[in-house]
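I have placed the structure first, in the form of structure tokens, so that the comments after it can refer back to it.
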Amino acid sequence: MTQARVRALRAVDLAVTDLETASRFFTQVWNLETVATDGGVVCMRGTMGFHHILTLREASRTGIVRVVYDAEDRATVDRIHEQVRAAGQPVDAPPRGLSSPGGGYGFGFKDPEGRNYAVVCDVADHADAADRPDRPRKLSHVNLNCADNDATFAFMRDALGFRLSDHANNFRFIRCGVDHHSMVIGFNKEATLNHIAFEMPDLDSVMRGIGRMRDHGYPVEWGPGRHGPGNNVFAYFCGPEELPLEYTGEMQQVGDDHVAKRPEDWTWPPGRVDQWGIVPGPTARVKRAQTLFRFSADGHRLDG
Ligand SMILES: [Fe+2]
């Protein structure tokens with residue numbers, strides 16, 4: 001039987017210490033839209049159809065609760081559940097109907113470094129999905145620091161069906177669809193969050209986002225620039241509670257014939273860390289923010 005694969009990065013669930021301030025930021029500055037509030041969890045959407053792409057809840061410390069992937073149908077979710085169990089990783093329960101906003105069918109689980117994920121299908125997504133200028137469409141990718149990149153990569157490949165798109169600059173860029181990468185996993189000392197990237201519809205929207213963030217006291221910490229692997233444009237920020245955030249766009253689209261490059265294929269001229277070279281590299285502040293946040297202990301347990 002062929003391997004069952006997740007088909008998209010759907011959502012990230014975050015814990016924040018000041019829910020009201022973070023909610024105001026993500027709607028009024030980051031330009032998402034609140035679609036539901038349930039039991040203290042605020043759900044926000046982008047312009048694409050996913051019911052929500054970000055949830056916020058209040059907790060005693062800032063952190064990431066889980067990353068949520070989308071699967072095609074219940075049979076695929078069931079087979080991924082078996083693949084996660086075959087990899088020896090804990091699951092919360094068998095796949096079942098979910099009572100959280102948007103509903104659907106899925107289960108939660110942990111990876112070899114203790115991160116939390118869910119795989120879901122049949123969520124009540126939105127019919128309106130047109131681009132709107134200067135508003136994020138969806139999550140682009142989540143970048144995770146790893147203490148054991150090889151173990152995390154093997155799990156993402158074997159249990160979830162991710163494929164290697166490129167290996168460069170101490171990162172593996174991995175995909176689950178046509179986007180060059182939906183996850184990035186680093187070679188680091190600890191398993192923490194590096195950053196969360198939101199896809200803007202075009203370069204103009206990334207640039208307008210930089211201006212809007214500056215207007216609200218969030219200066220760009222790296223960018224604008226264009227990355228090597230993925231060829232995407234970028235701007236990095238420290239959001240509320242120092243959350244490491246990226247606006248990105250124009251991600252390279254790849255097919256099954258894509259050939260992954262190796263670290264020696266990706267080199268920059270002296271003094272360069274991106275294709276454009278119009279700004280210096282990341283600030284000390286954002287480098288620090290890219291080490292601060294951990295996954296919660298019990299975030300693999302879904303309601304319902
Ligand atoms: Fe990124």
> Who wins for biggest fluctuation among HIS52, HIS167, HIS216 in a Gaussian network model of the chain, springs between alpha carbons below 10 Å?
Replying inline: HIS216
> Can you give the Rg to Rh ratio of segment 61-165, both from alpha-carbon atoms, with Rh computed by the Kirkwood formula?
Replying inline: 0.99
> When the chain is modelled as a GNM with alpha-carbon springs shorter than 10 Å, which of TRP222, TRP268, TRP30 fluctuates the most?
Replying inline: TRP268
> Got a number for carbon plus sulfur as a percent of segment 213-304's accessible area, 1.4 Å probe?
Replying inline: 49 percent
> Between segment 240-300 and segment 84-131, what is the C-alpha centre distance in whole Å?
Replying inline: 25 Å
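Before anything else, pin down the relative contact order of segment 152-304: Cα pairs under 8 Å, at least 6 apart, normalised by residue count, whole percent. Show your work: numbers first, answer last.
Numbers: 252 pairs, mean separation 39.6, N = 153.
Answer for segment 152-304 is 26 percent.
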> Taking only protein heavy atoms and a 1.4 Å probe, what accessible area per residue, in Å², does the chain have with all protein chains in place?
Replying inline: 42 Å²
>> Let me test this: with uniform point scatterers at the alpha carbons of the chain, what is the Debye-based log₁₀ I(q)/I(0) at q = 0.08, 0.10, 0.15 1/Å?
In response: -0.31, -0.50, -1.24
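Express in nm, to one decimal, how much length is gained between TRP276 and ASP18 on full extension, taking 0.36 nm for each residue of separation and deducting their alpha carbon distance.
Values: separation 258, 0.36 × 258 = 92.88 nm, distance 3.69 nm.
Once the chain is fully extended between TRP276 and ASP18, it gains 89.2 nm.
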> Which residue, ILE278, ILE80, ILE174, tops the fluctuation ranking in a GNM of the chain built on C-alpha contacts under 10 Å?
Replying inline: ILE278
>> Accessible area of segment 39-194 with a 1.4 Å probe: how many percent of it is carbon plus sulfur?
In response: 48 percent
>> At 7 Å along Cα-to-Cβ for each site, give me the label-to-label distance between ARG285 and THR2 in nm.
In response: 4.8 nm
>> Cross-link candidates for LYS110: which aspartates and glutamates have Cα within less than 13 Å, leaving aside residues fewer than 8 places away along the same chain?
In response: ASP92, ASP298
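The values are calculated or read from the model by the stated rules, or taken from the named source; none is laboratory data. Everything quoted here is computed from the prediction, not taken from an experiment. Because the Cβ atoms are built from the backbone with ideal geometry, glycine has one as well, and the counts that use them run over all protein chains shown. Protein only, heavy atoms only, side chains kept; ligands, DNA and RNA dropped before computing areas. Shrake-Rupley method; radii C 1.70, N 1.55, O 1.52, S 1.80 Å.
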